[in-house]
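A.B. asks: Below is one structure. I have some questions about it.
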Amino acid sequence: MIREIPESERPFPLPPASLESTSVAKSPLLRTKLRRPGSTAALLSRPRLINQLHFQPNGYLTLLSAPAGFGKTTLVAEWARQQDFPVAWLTLDEQDNDPILFWRYLIAALQVVNERIGHRAQAALAAFTRGALETAVTLLINDIVEHTAPDTTLSLVLDDFHWIHTASIHQSLNFLLQHQPPQLHLLLLTRADPPLSLARLRVEGRLVELRATDLRLTTAEIAAFFTQVMTLDISEEDLQLLTQKTEGWAAGLQLVALTLSQQDPANSAHVRQLFARVKQHVFAYLMEEVLRYQTDEVRQFLQQTAVLRQFCGALCTAVTGQTNAEQILHQLMLGNLFITPLDDEGEWYRYHPLFAEMLRANLDTATQRECHRRAANWYADQQLIQDAMRNALAAHDYPLMAALLTRTYKTFLAQGLLVSLQKWLAALPDIHQSPRLRLAAAWSQVYQSNEQELEQLIDDIMAQQPQLDAAFQGEMLTVQANYAALYGQPEKGIQLANQALPLIDPGDFLCFAATYQALGNAYRNLGRFDAALNAFAEARHQFEELGNVFMAQLPLYRITHIHIIQGRLHQARQTYETAHQLAKAAGYEPLMISGEIFGHLSDLFLEWNDLEQASAYAQQEITLARSGKLLLPLVDGYLKLAAVTAAQNNENEARQALQLAAETAAQLQSTPLSAQIALHRARHELTWGNLVAAGAWAEQFVQQRHDGSCNLTPLLAQTADLLLARIWLAQSQPVKALALLQEIVGQLEAAGRIRLVVEANVLQALAWNDQKETANAQKALIHALTLAEPEGYVRLFVENGSALAPLLNQVRHRFPEYASQLLNAISTTVTDASTSPLLDPLTEREQEILELIAQGQTNRQIADVLFISVGTVKGHVNHIFSKLDVKNRTQALVQAHELNLLKA
């Protein structure tokens, strides 16, 4: 029975009302997890194993893998005490399966021995996204290299690693091992081999393994344990029997020693009798023997505190009601009763796992749950929310879980602990899911849910609580505004955000920051750049008020994107460099969040025709988006990669990237996003000579433009207008193209979109040239070059290839250096792409069709051979004629022979 403590005697008040004022405070880490286990009186020195640990060079992984009770922790703790350098220690448990929390603890463990390590990585982990994980590990690796002398050892012990089963943690730890600093020596203590790249480490000679066969006590060690440590006399016959029966299992031997120490020392036959009786149930029997000699008070204490993974006197008092907990713990330590100190001060302890398991087996379910409930309340009052949640769940105290989550979910959000938040919410039965907890679920899934799922969550909230207070309503509107702004509904996002702002609680900096982020994104997508810049500036301020310096960088990156959209390339790079310097001055890196900044930089370097750098940035965005499981940035990364690979004349890779973008976007079920991918695909199809596919998109877009059903954002609709004009030019409809360009060029100038104004003038120049209006063509091209030269645009001109080259030569005298640079870039691009003498080389499909024409096949026959429509064949043939500057098949074949375009 558990004794109730009068309220006046309780060391900590229940329930934890203090959480109300700390909902967005940084939750503390349990410091005892960072302490090396203290020494015990009953310690057997094992020099043969200590020496193996002593002589392992840095840059290695040492794996101690064996079942419970083989002394892994005791051995490594003894080794650590003998080192002349500090050893970082982290004891893990199941709640550490949140990747953000895992790395927070790991960094904190390293900071115990070197406080300069990991501050930038901690800042990355504070980002409101999962995409910061690989960023943080990269920064941590750099910090270890930078702040640890090359000839110094930095050892890190991860104890009880078998608790970790989250794939993203294994992947990120593999990343650390793959790029392991030479100063770092990592030791993993586990009951089962982890899913890490152990085979690769073995091949590289960087893995040291100690397993059960290595850890078993030898006969000599068993003798030393009984005679020197436990001061028990044991005969040679009994020693051999112990060796045979226990097979050197340290925990079993300690149980035997404890049992014998409590028996009549004159009974020399006891060991043989003991093993004769217990046979295969040695452990359970010995446990009963040990408990039988304890007082009722101690037995009750042991059983009730066995539900705890670690404990101190105050926690034991809260759980058991026994106010002499400190005294009992001291008594257990003196008796070597399977209790391990977790610090040198003798404050925190844990039981051997097998000992605790046996104790719990004798405790009824109702008592176990009550002990967990009391532990949950104690942990909650200490602001140790993860431990509180774990114990509340074990107690099946769902009202307590709901209360804790309601008070602390913004702490999870502010620290990026989305995995933990989703896990606890999923563990809570639906009947206990309050409207606010459903809103917490909506928060945690903004980057993962589709529109229907979010609407269902909001509908559930409204059905459950039709009347909402102002602050709650404001928070709900903030979530909706962010989703609308992210997924192509900017007008709706602005409306929702403006409704939210006056309702948000004045001290809720997280909501304010998220709302201004939504406003900035929405205004950006509408092309209202001044309003977007103001919103992002305010978002940055709110993040700083929240204390999240790392997330305060995100608005700066989006300002960089606005400059790119406006066509101010140098200002975009300057803004990025400013963010870089500010971040480094604060001790951080100007990073990555979800990889978004790399997408922007890919755009920037693509415009400057630096395809290698643009490709590298696109790949980085994809990598970070994948690691964070963020679908929207992943779609963006694939589209960036498609643009670069298309520019490199790699049609197959570009098509693959487009397909991956489409498949990823389908998971989000966003109509505007699907429309954006269709726009990109149509532009690439035109580049590859598939005029039929491009024309089909154009017809659909014209209809949508006419009836107002276009699903593109206003920002992308302007880009689509220019693609439509480009397609009409390819279809030999320059008059229609000129009319459209004349209609929209003023709008683009008014919006300050320099890049699109340049493109519009280039297209006008090509259209006028097609109309034999040379003066107008030159005028339009001169205007385009005048705007483009200060920003260094290259790709925009290169992608028009041979059609633009003659016009560039005509105005070359006006821009001698810039025009020469562009002509050289066009020539180089053609040379790199093919040995073809054509400025605009034939695509693979066009080359294939030209060969079939040379064989005398008709369009119908070609269509049958290639399994495409006759219309598609006609489109390719027209494109071939245009590139060869001919009007029929006969002329095409003559030109092809002269240019050696046909196979022998």
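The values are calculated or read from the model by the stated rules, or taken from the named source; none is laboratory data. Computed from a prediction, not measured in an experiment: that's the story for all the values here. All Cβ positions, even for glycine, are placed from backbone atoms using ideal geometry, and neighbour counts span all protein chains on display. For accessibility, only protein heavy atoms count, side chains too; no ligands or nucleic acids. Shrake-Rupley method; radii C 1.70, N 1.55, O 1.52, S 1.80 Å.
A.B. asks: Please work out if ALA647 is farther than 30 Å from ALA484 by Cβ and touching a residue at least 24 places away in the same chain (Cβ under 8 Å).
C.D. replies: So ALA647 passes the test.
A.B. asks: Within segment 323-338, which residues are open to solvent by 10 Å² or more (accessible area, probe 1.4 Å), modelled with pLDDT of 75 or more and not in a loop (DSSP other than H, G, I, E, B)?
C.D. replies: Scanning segment 323-338 gives GLU326, GLN327, HIS330, GLN331, MET333.
A.B. asks: Then there's this: Determine which member of the set LEU158, LEU101 is open to solvent by less than 40 Å² (accessible area, probe 1.4 Å) and in a helix (DSSP H, G or I).
C.D. replies: LEU101
A.B. asks: Name the residue, out of LEU342, LEU315, LEU393, LEU417, that is without any contact (Cβ under 8 Å) to a residue 60 or more places away in the chain and in contact with a helix residue (DSSP H, G or I) (Cβ under 6 Å, 6 or more places away or on another chain).
C.D. replies: After applying the criteria, what remains is LEU393.
A.B. asks: A follow-up question, please. Do any residues in segment 540-565 that are free of Cβ contacts under 8 Å to residues at least 60 places away in the same chain and more than 14 Å from ALA518 (Cβ to Cβ) have Cβ atoms under 6 Å from those of residues that are aromatic (Phe, Trp, Tyr) and part of a helix (DSSP H, G or I), where the two are at least six apart or on different chains, and which pairs are they?
C.D. replies: GLU545/PHE509; ALA552/PHE543; ILE559/PHE536; THR560/TYR576; ILE562/PHE529
A.B. asks: Quick test for you: out of LEU158, LEU140, pick the one residue that is in contact with a strand residue (DSSP E or B) (Cβ under 8 Å, 6 or more places away or on another chain) and modelled with pLDDT of 90 or more.
C.D. replies: Criteria check complete, one pass: LEU158.
A.B. asks: Can you pull out every residue in segment 853-869 that is at pLDDT 80 or above, not hydrophobic (A, V, I, L, M, F, W, C) and not in a loop (DSSP other than H, G, I, E, B)?
C.D. replies: ASN859, ARG860, GLN861, listed by residue number.
A.B. asks: Follow-up. Report those helices (runs of 4 or more DSSP H) wholly inside segment 639-724 carrying at least 1 residues which are under 22 Å from LEU766 (Cα atoms).
C.D. replies: 671-687, 691-707
A.B. asks: ALA803 - would you say it is surrounded by fewer than 20 Cβ atoms within 10 Å (Cβ to Cβ), under 46 Å from the mean Cα position of the chain (by Cα) and within 16 Å of PRO734 (Cα to Cα)?
C.D. replies: So ALA803 passes the test.
A.B. asks: Just checking, which of VAL208, VAL145 is of a type outside the set (S, T, N, Q), open to solvent by less than 70 Å² (accessible area, probe 1.4 Å), in contact (Cβ under 8 Å) with a residue 24 or more places away in the chain and not in a loop (DSSP other than H, G, I, E, B)?
C.D. replies: The match here is VAL208.
A.B. asks: In addition: Looking at ALA643, is it open to solvent by less than 20 Å² (accessible area, probe 1.4 Å) and either modelled with pLDDT of 90 or more or within 30 Å of THR135 (Cα to Cα) (or both)?
C.D. replies: Taking the combined requirement at face value, the residue does not satisfy it.
A.B. asks: Given the condition modelled with pLDDT of 90 or more, under 26 Å from ASN649 (Cα atoms) and part of a helix (DSSP H, G or I), answer yes or no: does some residue in segment 741-750 qualify?
C.D. replies: no
A.B. asks: Of the residues in segment 506-554, how many are at pLDDT below 90 and β-branched (Val, Ile, Thr)?
C.D. replies: Of the residues in that region, 1 qualify.
A.B. asks: Please identify the pairs in which a residue from segment 508-519 that is in contact (Cβ under 8 Å) with a residue 60 or more places away in the chain and under 14 Å from GLY547 (Cα atoms) has its Cβ atom under 8 Å from the Cβ atom of a residue that is open to solvent by 10 Å² or more (accessible area, probe 1.4 Å) and of a type in the set (Asp, Glu), counting only partners at least 6 apart or on another chain.
C.D. replies: Within 8 Å, the pairs are PHE509/GLU545.
A.B. asks: Restricted to segment 806-834, and to residues that are among the β-branched types (Val, Ile, Thr), surrounded by 13 or more Cβ atoms within 10 Å (Cβ to Cβ) and closer than 23 Å to LEU901 by Cα, which residue is modelled with the lowest pLDDT?
C.D. replies: Going through the qualifying residues, I end up with VAL830.
A.B. asks: Any residue that is open to solvent by 30 Å² or more (accessible area, probe 1.4 Å), within 28 Å of PRO67 (Cα to Cα) and in contact (Cβ under 8 Å) with a residue 40 or more places away in the chain - is there at least one of those in segment 365-388?
C.D. replies: Yes, some residue in segment 365-388 is open to solvent by 30 Å² or more (accessible area, probe 1.4 Å), within 28 Å of PRO67 (Cα to Cα) and in contact (Cβ under 8 Å) with a residue 40 or more places away in the chain.
A.B. asks: I want to confirm something. Restricting to segment 680-702 and keeping residues that are over 18 Å from ALA646 (Cβ atoms) and free of Cβ contacts under 8 Å to residues at least 60 places away in the same chain, which single residue is most open to solvent (accessible area, probe 1.4 Å)?
C.D. replies: It comes out as GLU699.
A.B. asks: From the list ARG81, ARG120, pick out the single residue that is over 14 Å from ARG36 (Cα atoms) and charged (D, E, K, R).
C.D. replies: ARG120
A.B. asks: Residues LEU850, LEU796: which one is more than 30 Å from ASP603 (Cβ to Cβ), modelled with pLDDT of 85 or more and either open to solvent by less than 40 Å² (accessible area, probe 1.4 Å) or touching an Asp or Glu at 6+ places or on another chain (Cβ under 6 Å) (or both)?
C.D. replies: The conditions single out LEU850.
A.B. asks: Count, please, the residues in segment 389-398 that happen to be under 27 Å from PRO37 (Cα atoms) and surrounded by fewer than 24 Cβ atoms within 10 Å (Cβ to Cβ).
C.D. replies: Residues in segment 389-398 being under 27 Å from PRO37 (Cα atoms) and surrounded by fewer than 24 Cβ atoms within 10 Å (Cβ to Cβ): 2 in total.
A.B. asks: A further question follows. Any idea which of (1) in contact (Cβ under 8 Å) with a residue 24 or more places away in the chain; (2) more than 16 Å from VAL137 (Cβ to Cβ) is the one ARG200 doesn't satisfy?
C.D. replies: It fails just one condition, (1).
A.B. asks: Here's a follow-up. Somewhere in segment 745-767, is a residue under 30 Å from GLU848 (Cα atoms), more than 36 Å from the chain's Cα centre (by Cα) and either surrounded by fewer than 20 Cβ atoms within 10 Å (Cβ to Cβ) or assigned by the TED database to the domain that holds ILE849 (or both)?
C.D. replies: no
A.B. asks: Turning to a different aspect of this structure: Is there a residue being surrounded by 20 or more Cβ atoms within 10 Å (Cβ to Cβ), touching a Lys or Arg at 6+ places or on another chain (Cβ under 9 Å) and aliphatic (A, V, I, L, M) anywhere in segment 769-784?
C.D. replies: Checked against the condition, which is being surrounded by 20 or more Cβ atoms within 10 Å (Cβ to Cβ), touching a Lys or Arg at 6+ places or on another chain (Cβ under 9 Å) and aliphatic (A, V, I, L, M), segment 769-784 yields no hits at all.
A.B. asks: Can I ask one more? On the basis of being among the acidic types (Asp, Glu) and touching a Lys or Arg at 6+ places or on another chain (Cβ under 8 Å), does ASP84 make the cut?
C.D. replies: no
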